[in-house]
Amino acid sequence: MTSYPVQKTPQEWQAILTPEQYRILRLKGTEPPGSGVYDKHYPSKGIYRCAGCDAPLYKASHKFSSGCGWPAYYDCIPGAVERHEDRSHGMVRTEIVCARCGGHLGHVFKGEGFPTPTDERHCVNSISLRFTEDEEEAGEGKKDEEGENKA
């Protein structure tokens, strides 16, 4: 089993996540298609972050309309997502998880012919995400004019 930088017990995760976030992020569930707040969300800029640990995962510019019923991205922020073979449901798929906390995001599919730079579709549960308009990727907070972190 992979070890992630953010480690919490199931009880600690349950204390900070809603029951539905816990079911999807920690128990590898799936939200119903078309039900997520980010399915038809197309901002011009911003970052989609992990709802569990706040790690930056996807840029708004990576998002595209796939018609699948879940938010779709053609790429992630480099190093933000890990891929694992998923043999559940009688098929082989590629699961994607947050590289910082291991939270289940969804699955990635290749070769579907979408007119994107990667020909990949990261099919992500909205509930696994949190959107911020701030394009800052690092979780260090805003910096002042001298480059120092603000409190």
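The range 1-51 and the range 53-86 have Cα centres separated by 12 Å. Fewest neighbouring Cβ atoms within 10 Å first, the residues Ser61, Ser44, Ser126 line up as Ser44, Ser61, Ser126. Which FRET efficiency value, to the nearest 0.05, do you get for Thr30 and Glu136 by plugging their Cβ-Cβ distance into 1/(1 + (r/R0)^6) with R0 = 35 Å? The value I calculate is 0.70.
Each residue in Lys63, Lys8, Lys110 was given a count of other beta-carbon atoms within 10 angstrom of its own, and listing them fewest first yields Lys110, Lys8, Lys63.
Quick one: grab the alpha carbon gyration tensor of the range 17-102, order the square roots of its eigenvalues as a ≥ b ≥ c, and give me rounded if a/c is under 1.5, else prolate or oblate depending on whether a/b is larger than b/c. Cα axes put the range 17-102 in the rounded bin.
Within the chain, Cys68, Cys76, Cys123 have no other Cys Cβ under 4.7 Å of their Cβ and so lack a disulfide-compatible partner by this rule. Here Cys101, Cys76 are placed in order of increasing Cβ neighbour count within 10 Å, fewest first, which gives Cys101, Cys76. Working note: 222 nm ellipticity from helices only, DSSP H runs with n ≥ 4, each -39,500 (n - 2.57), summed and divided by the residues of the chain, gives -1000 deg cm²/dmol to the nearest 500. Taken along the Cα-to-beta-carbon direction at a fixed 7 Å, the label points for Ser88 and Glu20 span 1.8 nm. Going through (1) -0.52, -1.10, -1.30; (2) -0.35, -0.99, -1.33; (3) -0.47, -1.14, -1.32, the figure that equals log10 I(q)/I(0) by the Debye sum over Cα atoms at q = 0.10, 0.17, 0.20 Å⁻¹ as computed for the structure here is (2).
The numbers here are math on the coordinates, done by the rules we state, and not lab data. In this text the structure is predicted, and so the values were computed from the model without any measurement. As a convention, Cβ positions derive from the backbone with ideal geometry for all residues, glycine included, and neighbour counts pool all protein chains shown.
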